[in-house]
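The block underneath contains the structure these notes are about, expressed in structure tokens.
The values are calculated or read from the model by the stated rules, or taken from the named source; none is laboratory data. Keep in mind the model is a prediction, meaning the values are calculated, not measured. Glycine also receives a Cβ, built like all others from the backbone with ideal geometry; neighbour counts cover every protein chain displayed.
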Ligand code: HEC
């Protein structure tokens, strides 16, 4: 730990577990190098003075033999120094390459000058929020140009390339806001393309995650239903405007009656809509193929309730609960 003196003021305060692994070897090698420099220059000065021919010295320089022991010590010393530089940086270097098992996975996409950070729950943001003390594993790619992502406080620096995924990981050791800097390796430079890592105490991070992960927060049931219609792939097969795609339009479904392939008539009430979503093939609407994805295990009761509320808003019989409007 030669390097932990005042020199540490050169670099930003340690923000991640990587910081000591980067700074300590840097300063150790720095101090050793400067020591050797002083020694070499000092010896050169001393030797110049000692061996300068003085007034009255004999014309001939004294024959100086090779001191094999000193020479040997010099070679061994040089090898030892190289070994020290290698050894002091190795564990940090290896440690930075391999993310710990079970790290929090965030995928990073650099796109047209902005960052997309995608969390395990599908939430996408342009700033990277993390919890203090939790290892975060970044899997990164670029949709346009090659560039560099660097987070100096966390001692993270990694190239991002189109058509390739690169990785980085870090674990913050204190709360704070750490700038992310970019350098683009191309003619187009994205000056504006900066973002931040926001490191939050674990409870605050959990609260934030719950807030963004909870689609019901701040939305009415019908709004959640519309969101699910867009997010869950319903819109690929069902229109909202009355036109029939792979499946019947969801306009004027709630409260209306339909003929099934077995010749029965079903009323699209709450129970039937729930059944249609969870086990679509239980009763198949006439003239359609039984191709709908079953959503059992994907959508919960509350979500199906939300979709039902949404279907009410786009049905002429939504407010009558299945009765014909009188
Ligand atoms: C792969 C295409 C496909 C997807 C995706 C799909 N559906 Fe369907 N859906 C169908 C087809 C085809 C039918 C008609 C045959 C049947 O009843 O199974 C249908 C029937 C329905 C019905 C009954 C309609 C009626 O007229 O009685 C409802 C309600 C419904 N889907 C809701 C949804 C919701 C909500 C989602 C998304 C969570 C969804 N569907 C996703 C293809 C799809």
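Scanning segment 67-105 for residues that are under 18 Å from the mean Cα position of the chain (by Cα) and in a loop (DSSP other than H, G, I, E, B), which turns out surrounded by the fewest Cβ atoms within 10 Å (Cβ to Cβ)?
Ranking the candidates gives 101 first.
Conditions first: (1) within 7 Å of the ligand (Cβ to nearest atom); (2) surrounded by fewer than 12 Cβ atoms within 10 Å (Cβ to Cβ); (3) more than 34 Å from the chain's Cα centre (by Cα). Residue 241 passes all but one, so which condition is the exception?
Looking at each condition in turn, residue 241 falls short on (1).
Hey, among 156, 108, which residue is surrounded by 17 or more Cβ atoms within 10 Å (Cβ to Cβ), without any contact (Cβ under 8 Å) to a residue 60 or more places away in the chain and outside the structural domain of residue 21 (by TED's automatic domain parsing)?
Only one candidate qualifies: 108.
If you check every pair at least six apart or on different chains, which have Cβ atoms under 7 Å apart with a residue in segment 287-311 that is within 20 Å of residue 216 (Cα to Cα) and without any contact (Cβ under 8 Å) to a residue 24 or more places away in the chain first and a residue that is more than 6 Å from the ligand (Cβ to nearest atom) and not in a loop (DSSP other than H, G, I, E, B) second?
Close Cβ pairs satisfying both conditions: 296/278.
Sort out which residues of segment 284-298 are touching a helix residue (DSSP H, G or I) at 6+ places or on another chain (Cβ under 7 Å) and surrounded by fewer than 17 Cβ atoms within 10 Å (Cβ to Cβ), and write them in order of number.
290, 294, 296, listed by residue number.
Could you identify the single residue in 254, 272 that is closer than 25 Å to residue 222 by Cβ, in contact with a helix residue (DSSP H, G or I) (Cβ under 8 Å, 6 or more places away or on another chain), more than 6 Å from the ligand (Cβ to nearest atom) and at pLDDT 90 or above?
Testing whether each residue is closer than 25 Å to residue 222 by Cβ, in contact with a helix residue (DSSP H, G or I) (Cβ under 8 Å, 6 or more places away or on another chain), more than 6 Å from the ligand (Cβ to nearest atom) and at pLDDT 90 or above leaves just 254.
Just need a number here: residues in segment 185-206 that are at pLDDT below 65 and under 18 Å from residue 126 (Cα atoms).
Result for segment 185-206: 4.
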